[in-house]
Structure formats: C-alpha cells, structure tokens
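The values are calculated or read from the model by the stated rules, or taken from the named source; none is laboratory data. Quantities reported herein were computed from a predicted structural model and do not represent experimental measurements. Every residue, glycine among them, receives a Cβ derived from its backbone with ideal geometry; neighbour counts consider all protein chains shown.
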Amino acid sequence: MSIVEQGNPLLTAYKSKLAQVVIENVLQIGANGSLFTLNSGLKSPFYYDFRPELLNPRTTELIGKIIWEEIKQDNVDSVGGLATGAINIAIETARASLGSPKPTRAFYTLKEPNERGSFVEGNLRYGDNVLIVDDTTTTGKSMFETIEKIKGYDCTVVKAMCILDREQGAAEAFQKLGIPYVPILQHSDFAELIED
C-alpha cells in the first residue's frame with residue numbers, strides 16, 4: 001500500500017501513519033463468513049471501527065493535522081458532523097488550526113433535539129462556511145443528516161471529509177450536490193488485506 005500526496009510530503013507522512021493505525025487497530029474482518037451490519041444498514045464482511053481510535057489522543061491529533069492541511073486554504077469557519085463520530089474529529093481539526101490567522105471552530109449535530117429544541121451543539125454561527133466530517137462513510141448518510149440539520153443556520157458547506165470512505169456511493173452522492181468530497185483514506189487502500 002502506498003499513499004502519496006503530490007507536492008506535500010508532510011501530508012503523505014501523516015496519511016501513511018494513519019493508514020498504519022487503520023491496519024493495526026481499526027480494520028476488522030469477519031471470521032468464518034460472518035457479516036457486520038453498518039450504520040447505513042448494509043452488511044459487510046469487514047468493518048472499520050474507529051471508535052476506540054477516536055478516543056486516542058495521538059490518533060485524533062494526527063487526524064486533525066491531516067484535515068487542517070487539506071482545508072487551510074478553503075476559508076472554513078467551522079468544522080462538524082453528527083455525534084458521536086465527528087466530535088473529536090471536529091475538535092482536533094479546530095485545535096490544529098490554532099496557529100493560523102483564522103482558526104476554525106467546532107460543532108456537532110444531534111440525532112434528536114436537545115432540551116432547547118436544537119439539533120446543533122458547539123460553535124456553529126449563522127452564515128458560516130462549513131466543513132462536514134465523519135469517521136467512516138459508506139453512502140454519506142450521517143454527513144447528509146448534518147447538512148440537513150444545519151440548514152437553519154444558512155451555512156455554506158464548502159467541503160466534506162471523512163477518515164475512510166468505504167467507496168459505496170458517498171463520492172457520487174456529494175458530486176450530485178456539487179460539494180467537494182475528500183476522504184483521507186479509501187477502502188481500496190486496504191482491499192488487498194481483506195482479499196487475502
């Protein structure tokens with residue numbers, strides 16, 4: 001497996017390090033033909049479980065640095081996505097931006113409204129340019145839920161990013177909406193490990 005970012009050796013190094021984390025701690029392969037049920041409702045013989053790594057400060061710091069490298073020229077005001085997978089991703093991206101002239105803010109959306117009737121927690125502001133994030137994306141369902149829940153803020157979604165794209169429809173769905181979509185890693189980066 002080779003991950004190369006043209007013209008950005010730092011980003012290549014970060015992504016290679018994250019890919020090793022996926023191999024060692026995230027990728028799970030079903031034993032004896034067993035299937036995992038994904039959030040999208042689809043069944044799969046493999047599963048990318050980022051939950052433990054999203055509570056590992058070394059991993060989340062690395063993810064934040066990668067995303068910041070990808071978006072620092074994109075005029076992003078705030079970063080967020082659906083709880084709980086997106087919370088630490090958004091926080092670490094905002095933390096990685098702190099040394100810049102215009103640091104980003106973090107927010108997350110809820111599946112159910114809070115006691116104030118809002119689906120949004122954190123630092124989303126009216127009219128923000130927003131980056132939507134998630135850990136693993138299959139069809140983009142969680143990310144589209146976040147886009148729907150922030151509509152009342154009159155935000156512009158300037159980009160969507162995930163840690164890993166399972167390559168099962170999310171890219172095409174974002175393309176139809178005209179939203180740039182950038183996965184850090186893709187299932188095809190690890191397919192040879194699953195097929196062996």
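Within the stretch 66-85, restricting attention to residues that are at pLDDT 95 or above and small (Gly, Ala, Ser), which residue is surrounded by the most Cβ atoms within 10 Å (Cβ to Cβ)? Out of the qualifying residues, it is Gly80.
So which residues in the stretch 107-146 are out of contact with any strand residue (DSSP E or B) (no Cβ under 6 Å at 6 or more places or on another chain) and in a helix (DSSP H, G or I), if there are any at all? Walk me through how you get there before you give the answer.
We begin by selecting, within the stretch 107-146, every residue out of contact with any strand residue (DSSP E or B) (no Cβ under 6 Å at 6 or more places or on another chain); these are 110-118, 125-127, 138-141, 144.
Lys141, Phe144 - these are the residues of the stretch 107-146 that are out of contact with any strand residue (DSSP E or B) (no Cβ under 6 Å at 6 or more places or on another chain) and in a helix (DSSP H, G or I).
Any residue at all in the stretch 166-181 that is in contact (Cβ under 8 Å) with a residue 60 or more places away in the chain and not polar (S, T, N, Q)?
Step one: list which residues in the stretch 166-181 are in contact (Cβ under 8 Å) with a residue 60 or more places away in the chain, which gives 166, 168.
Among the residues that remain, those that are also not polar (S, T, N, Q) are: 166.
Yes, there is a match, as at least one residue in the stretch 166-181 is in contact (Cβ under 8 Å) with a residue 60 or more places away in the chain and not polar (S, T, N, Q).
Determine whether the stretch 57-71 contains at least one residue that is in a loop (DSSP other than H, G, I, E, B) and farther than 16 Å from Pro183 by Cα.
No, the stretch 57-71 has no match at all.
Within the stretch 125-151, being surrounded by 23 or more Cβ atoms within 10 Å (Cβ to Cβ) and out of contact with any Leu (no Cβ under 8 Å at 6 or more places or on another chain) holds for Asp128, Leu131, Ile132, Val133, Gly140. Scanning the stretch 147-167 for residues that are farther than 22 Å from Ile89 by Cα and either at pLDDT below 95 or aliphatic (A, V, I, L, M) (or both) yields a count of 1.
Residue count for the stretch 174-190, restricted to those that are of a type in the set (A, V, I, L, M) and at pLDDT below 95: 1. Note on the stretch 1-47: residues that are closer than 25 Å to Phe144 by Cα, modelled with pLDDT under 90 and surrounded by 16 or more Cβ atoms within 10 Å (Cβ to Cβ) amount to 5.
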